[in-house]
Amino acid sequence: MKILESAPNRYDKGIQILTFGRLNKYYDDLISHIKKGQKVLDIGCGTGALTLKAAQIGAKVKGIDDNSQMLEIAQKRVAAANLAQNIQLSEMGAGELESEESKSYDAVMSGLCFSELSD
């Protein structure tokens with residue numbers, strides 16, 4: 001996935017190919033557990049696909065990613081979907097979450113970032 005992240009403008013198309021088009025179903029399954037009004041953290045939000053799905057059902061979402069280029073694409077998608085009031089994007093890694101209050105969120109989700117974690 002690092003190869004795809006090195007070309008963020010092609011990430012979404014590439015990841016659909018790698019997952020044989022099944023990613024949207026996986027995301028829909030994840031989102032089925034999110035409720036309107038919940039505060040949700042999306043770790044490794046990338047280009048914002050999962051973040052947007054949660055916000056579209058009325059969740060307040062904080063998406064974090066350590067790749068600024070991916071976040072730029074996510075920010076454009078948030079603006080295009082007119083969901084800025086429900087989404088906060090931050091450039092940070094999961095290891096930087098220590099400053100967050102332990103009960104800040106009703107749900108934590110992550111689409112594809114766990115393959116990126118190092119030892």
Q. Going by the conditions given, is Leu52 assigned to a helix (DSSP H, G or I) and either at pLDDT 95 or above or among the polar types (S, T, N, Q) (or both)?
A. yes
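A quick yes/no check of all residues on (1) of a type in the set (Phe, Trp, Tyr); (2) crowded, with 21+ Cβ neighbours inside 10 Å; (3) touching a strand residue (DSSP E or B) at 6+ places or on another chain (Cβ under 8 Å); (4) over 24 Å from Ser102 (Cβ atoms):
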{"residue": "Asp29", "(1), (2), (3), (4)": "no, no, no, yes"}
{"residue": "Ser32", "(1), (2), (3), (4)": "no, no, no, yes"}
{"residue": "Gly37", "(1), (2), (3), (4)": "no, no, yes, no"}
{"residue": "Val40", "(1), (2), (3), (4)": "no, yes, yes, no"}
{"residue": "Ile43", "(1), (2), (3), (4)": "no, no, yes, no"}
{"residue": "Gly48", "(1), (2), (3), (4)": "no, yes, yes, yes"}
{"residue": "Ala55", "(1), (2), (3), (4)": "no, yes, yes, no"}
{"residue": "Ala59", "(1), (2), (3), (4)": "no, yes, yes, no"}
Q. Could you list, in sequence order, the residues of the stretch 10-35 that are of a type in the set (Gly, Ala, Ser) and modelled with pLDDT of 70 or more?
A. Ser32
Q. Pick from Val40, Val61: which is among the hydrophobic types (A, V, I, L, M, F, W, C), touching a residue at least 60 places away in the same chain (Cβ under 8 Å) and in contact with a helix residue (DSSP H, G or I) (Cβ under 6 Å, 6 or more places away or on another chain)?
A. Val40
Q. Since Ile73 meets every condition but one in (1) surrounded by fewer than 17 Cβ atoms within 10 Å (Cβ to Cβ); (2) at negative phi, which condition does it not meet?
A. (1)
Q: Those residues that are at pLDDT 70 or above and outside any strand (DSSP E or B), I need them from the stretch 103-119; list them, please.
A: Lys103, Ser104, Tyr105, Asp106, Ser110, Gly111
Q: Give me a count of the residues in the stretch 92-102 that are among the hydroxyl-bearing types (Ser, Thr, Tyr) and assigned to a loop (DSSP other than H, G, I, E, B).
A: 1
Q) Across the stretch 57-67, what is the total count of residues that are of a type in the set (Gly, Ala, Ser) and either part of a loop (DSSP other than H, G, I, E, B) or farther than 12 Å from Thr47 by Cβ (or both)? A) 2
Q.
Quick test for you: out of Leu83, Leu89, pick the one residue that is buried (at least 20 other Cβ atoms within 10 Å of the Cβ) and modelled with pLDDT of 95 or more.
A. Leu89
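The values are calculated or read from the model by the stated rules, or taken from the named source; none is laboratory data. Bear in mind the structure is a predicted one, so any value in this text is a computation, not a measurement. Here the Cβ is made from the backbone with ideal geometry for all residues, glycine too, and neighbour counts use every protein chain on show.
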